[in-house]
Amino acid sequence: MATRQRQRQSSVYCGEEGCVGRLDVRFRVGKNFRLTNNTDEKKRQRRTMTIVKTYPLGVLAIAVVLNFFVFGVDPVAVSVPSADSIHALIIAAVLLVINHTWLMTTTELTRVRFKMYSTPEEWVASGTSRQDAPEEGVRELERRHNTHRNTTENTIYFVLLVLVFVSVSPTTLAAQAWVVGYAVARLGYTYSYLSGNDKARGAFMSLSLLAIYGIASYLLMSLIA
């Protein structure tokens, strides 16, 4: 009888809200913990979404400030590209070719290392299938494909802008900073992505975007200068 009484007492918890079973206490604590976690997660999510939305505007603002206060903006004057602009284009083109060669080579080396293939015919000839590919190999190949895609989608806009940019007589400092800076940033992006350095990858991604926004904003500012 005394043992049952102790068991009954041990299963009851009394607090400011009255007495409840200890199972109820554990349930309430667990529920509150989950609610707190969900609330914190939603706050983090909202902060991240805010950063994503304001990020392009922040990069654009920096580009405008650099153009206006550091590089200087001349009115549009269509002409044959200057020697300084051509030199910047040559350096950028060489660096971008190096970057492409690097990506191309490391992609093929990854396929060779993990015995992966690029076409259905090669898979059939090897006597294996995509399902046989090791998980690490799939991840590493995807890393290189992502680097390729990011480089390509950014460079398309860069080329379209830079062809106009060098034809409107930009200042020498602006041409060198934005044109060469973009190519250097792409090399840094490739290195940091392939080496798994997320912080450096984000920094170089921002620098390449800054160069694109710098050229675009320069063109717009030169129209109204």
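Each reported figure results from applying straightforward, stated rules to the coordinates on display, with no laboratory input. Because the structure is predicted, anything quoted here is derived from the model rather than measured. Backbone-built Cβ (ideal geometry, glycine too); neighbour counts: all protein chains shown.
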- prompt: For residues in segment 104-144 being touching a residue at least 12 places away in the same chain (Cβ under 8 Å) and outside any helix (DSSP H, G or I), which is nearest to SER192 (Cα to Cα)?
  reply: PHE114
- request: Working only within segment 179-210, note down all residues that are under 23 Å from ILE86 (Cβ atoms) and of a type outside the set (A, V, I, L, M).
  value: GLY181, TYR182, ARG186, SER208
